[in-house]
Each structure stands twice: as structure tokens, then as C-alpha cells.
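Step one of this worksheet: look at the structure below.
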Amino acid sequence: MPTLEDLEQRLGSLDGRRILVRCDFNVPLRDGGDGRQEIADDLRIRAALPTLRWLTERGAAVTACSHLGRPSGVLDERYSLAPVAERLAELAPGVTLAENLRFSPGETANDPTFVDALVSGSLPVPFGDSSPGEELAAFDGYVNDAFGASHRAHASVVGPPQRLPSAAGRLLLREAEALGGLRTDAQRPFVAVLGGAKISDKLGVVEALLSVVDTLVIGGGMCFTFLAALGHPIGDSLCEPDFIETCERLLQASAQRDSADIVLPNDITALDAGDTVRQMGRSLPDGCRGLDIGPGSAAEFDDVIAAARTVFWNGPMGLFEDERFAAGTRAVAQSMADSRAFTVVGGGDSAAAVAQFGLVPYMDHISTGGGAGLELIERGDLPGLAALRDSPQQ
């Protein structure tokens, strides 16, 4: 993919050039009082700073653009990027921020007319030094630094590379190398740890990982469909009956050494009918809900992670937001922090958990795009990456 240095060479100089940067500022917001919203976590803003600062230090006039939430193609003040603009002004002075791209239906529809408006500078720019609604001059170049949005063939992701000299930002390149490299360049043993609620949400990545990892560790709510496939009663735990046969097929392939080893929990932390937390084995009676892996499973998972040279983790082991059911997720995070392996955290709830437990400095790579990372592992490419590689403007 073309780099920032390639873009600078293509344009001759970035001094005075207008550069449009697609960022992923889809940050979590919370009530700040007085009807104001404030940013709950500015990780995604800080992640874009190396690219934004590199461009501004070379004299480029930078306009960042992003989506926030799902306003369904209409102006909805609940999804205004105003709080992001305030924080961005503190972290990257001089960078202009356009309003939420998804206020226009043309963004998610990949409307060529909307792409034309983007590259010509006809963006609503109510933040920074520009006046509200002011139309800017046409852009000279485009940078995609929004890995978390690059699995969507949206106008701001795949359109500008067809019309402008383009490049991948620092964050996008780092994410593509770390996550894309898992498919081809991972040191072995390669262990993947998957959690989260539903097997249906991650079936594609499960099947993709089974063909490239040595061991697949499964926890979280999705483990109960696998346990049901083994014939264990799972009480009132989350289960997807329509996927039991699929899990049987995957387990059989693993048992026959046609794919990677699958490791499931041997004990469960459950909530019984009287709302009492209990430690149980793999079989749960009616009225019990499994909400975390048990301590024995946490220890077994730790052994698997400790023996690995590469570890990829996506999805909590339980309902970690509730301290009663946080031990399994905390144990996996600590195992990765203690590991000598190359450790990749696949964004989303896993990244939130690592931050909650204060273990961010001990991970080799924490992705800013959970869904995009899983899709890259599953399919080996993303529309946003392909658009940059195939750009006729290189």
C-alpha cells in the first residue's frame, strides 16, 4: 500500500497542500451534564495523532473526517462530532474536523456524488478555524487512517483513492501488518483466544482461525453452544441451537486432526436460580446461567498461552463488567501480559478489558477496530486496503 512518504513524493511537497484524512473517531460518549456529551475514551483520537502530526509538520492543511454512531443519514445532534472536535483541537491544533459523515445517506451508500463532494472540499466543516458550512477548496491528496471503518465499502473509504493521490496512514499500516500478518507470518505455536456472546457472530473467523492457528481457545457465551454440541446440559446459559450441528462439525474436525485443537472450559462460574454465584463443572442444571469460565479453566488457558509464541485474543471470557464474573477475562488478560509471545488484542470489549485491568502497556498490539480486525483475519483483505492498493492515482 502507498505510504505517507509515497504521497509526499507523488505531490512533490506537502507544504500548503490540502489533505483529507479519513479517521475513525467513533468514540464512546457519556453524559457530561447540562445536556452535554463528553468523550469516555479518547484512544481512537490519540491513535490518529502520528499521522495527523506528520502531515501538519510538513505544512499540509489537514481536514479530518469520520463517522460517529448510526444517525441513519440525517442530521442528529446526538451524533455530532463536536466533543471530538474539542479534544482534537487540544491534541492536534490546526487540524480541521468535518461533521459526521453519516449525516449524509451518501456515505454508507457509497454514492459517487457524495464522493465528488468529499474530494472537492464541499464538506460541512463547523469546527476548527472554518466558518460553519464553509466550502473548502478541493483536496490535493487523501489518507486513510481509519482501520476500524476499512471493512466497509463506504464513500469516504473507497471513493477518494479513485480520484486523489492516496496513502495509508500510520495507524492503518500498523493494524494491517499486525493483524494481516497473523494469517501468514505468525510465529508458532500460534494460539487464538475467542470469547463473546454468540458463535454466529464469529463463525467465519472461527473457521478461518482453525486453518491457521495451532490451538483455538473458546470462552465467553459462545462456549455453551460448543458444550451443548458435546452433550453437556448448559442450564439457562446462552445457546444458539441452530449452530449446534456446526459446532459438532468443528469439534469433530479438530478431534480428527483436520484442524487446530479446540480448548473449551472445564469449569464454569454460574449464577443459580437463587442468584448465588457457584463454581460448577461443564454440566449446568436448569436454572443456572454460566457467566464466566471457572478458575480451573483460567489456569488451563494460562498454560496454553504461556506456551505460545503468538497470541490473538478477541472477546471476553464472561460478563466482566460485573466483578463477580470478571475473573476469567482478567486471567486471560494477565496471561497475555505475562507471556513472552507476540500478543495482539482484537479491539472491542477485549481492548476495554485490558484497559480496565491496567494492562495496556504489556500488550504488543491493541487494535482500534474489532470488526475490521476479525474480517481481515477471516478474509485476508478489506475494501479500504484494496482501494489504496488499486488506486489509479498512485
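The values are calculated or read from the model by the stated rules, or taken from the named source; none is laboratory data. The structure presented is a predicted model; accordingly, all values stated were derived computationally and were not measured. Virtual Cβ from ideal backbone geometry, glycine too; neighbours counted across all protein chains shown.
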>> Quick check on the stretch 23-50: of everything there that is part of a strand (DSSP E or B) and either among the aromatic types (Phe, Trp, Tyr) or out of contact with any strand residue (DSSP E or B) (no Cβ under 9 Å at 6 or more places or on another chain) (or both), which residue is farthest from Ala137 (Cα to Cα)?
In response: Gly33
> So, of the residues in the stretch 338-357 that are under 17 Å from the mean Cα position of the chain (by Cα) and hydroxyl-bearing (Ser, Thr, Tyr), which turns out to be modelled with the highest pLDDT?
Replying inline: Thr343
> In the stretch 71-91, what residues are outside any helix (DSSP H, G or I) and among the charged types (D, E, K, R)?
Replying inline: Asp76
> Counting only residues that are within 25 Å of the chain's Cα centre (by Cα) and of a type outside the set (A, V, I, L, M, F, W, C), how many does the stretch 215-264 have?
Replying inline: 6
> If Phe320 satisfies every condition in (1) crowded, with 23+ Cβ neighbours inside 10 Å; (2) outside any loop (DSSP other than H, G, I, E, B); (3) free of Cβ contacts under 8 Å to residues at least 60 places away in the same chain but one, which is the exception?
Replying inline: (2)
> How many of the residues in the stretch 220-248 are aliphatic (A, V, I, L, M) and over 15 Å from Cys288 (Cα atoms)?
Replying inline: 4
>> Checking Asp303 against (1) within 29 Å of Asp236 (Cα to Cα); (2) at pLDDT 95 or above; (3) in a helix (DSSP H, G or I), only one condition comes out false. Which one?
In response: (1)
> If Ser283 passes every condition in (1) buried (at least 18 other Cβ atoms within 10 Å of the Cβ); (2) in the same structural domain as Ile199 (by TED's automatic domain parsing) but one, which one does it miss?
Replying inline: (1)
> Just to be sure, is Ala138 closer than 28 Å to Phe342 by Cα, in a loop (DSSP other than H, G, I, E, B) and either touching a residue at least 12 places away in the same chain (Cβ under 8 Å) or in the same structural domain as Leu49 (by TED's automatic domain parsing) (or both)?
Replying inline: no
> How many residues, within the stretch 179-200, are out of contact with any helix residue (DSSP H, G or I) (no Cβ under 9 Å at 6 or more places or on another chain) and within 20 Å of Ala351 (Cα to Cα)?
Replying inline: 2
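Kindly indicate whether Arg78 is surrounded by 13 or more Cβ atoms within 10 Å (Cβ to Cβ) and in the same structural domain as Arg152 (by TED's automatic domain parsing).
Criteria not met by Arg78.
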>> Looking at Leu55, Leu68, Leu14, Leu20 in this structure, which one is in the same structural domain as Pro105 (by TED's automatic domain parsing), in a helix (DSSP H, G or I) and surrounded by 14 or more Cβ atoms within 10 Å (Cβ to Cβ)?
In response: Leu55
>> Anything in the stretch 35-52 that is over 15 Å from Gly169 (Cβ atoms), within 20 Å of the chain's Cα centre (by Cα) and surrounded by 15 or more Cβ atoms within 10 Å (Cβ to Cβ)? List them, or say none.
In response: Ile39, Asp42, Leu43
>> Going through Gly32, Gly73 one at a time, which residue ends up being surrounded by 12 or more Cβ atoms within 10 Å (Cβ to Cβ) and on the phi > 0 side of the Ramachandran plot?
In response: Gly73
> In this structure, is Ser335 over 18 Å from the mean Cα position of the chain (by Cα) and buried (at least 20 other Cβ atoms within 10 Å of the Cβ)?
Replying inline: yes
> Is it true that some residue in the stretch 358-370 is under 17 Å from the mean Cα position of the chain (by Cα), assigned to a helix (DSSP H, G or I) and closer than 21 Å to Asp201 by Cβ?
Replying inline: yes
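Within the stretch 183-204, track down each residue that is buried (at least 24 other Cβ atoms within 10 Å of the Cβ) and part of a helix (DSSP H, G or I).
Selection gives Ile199 alone.
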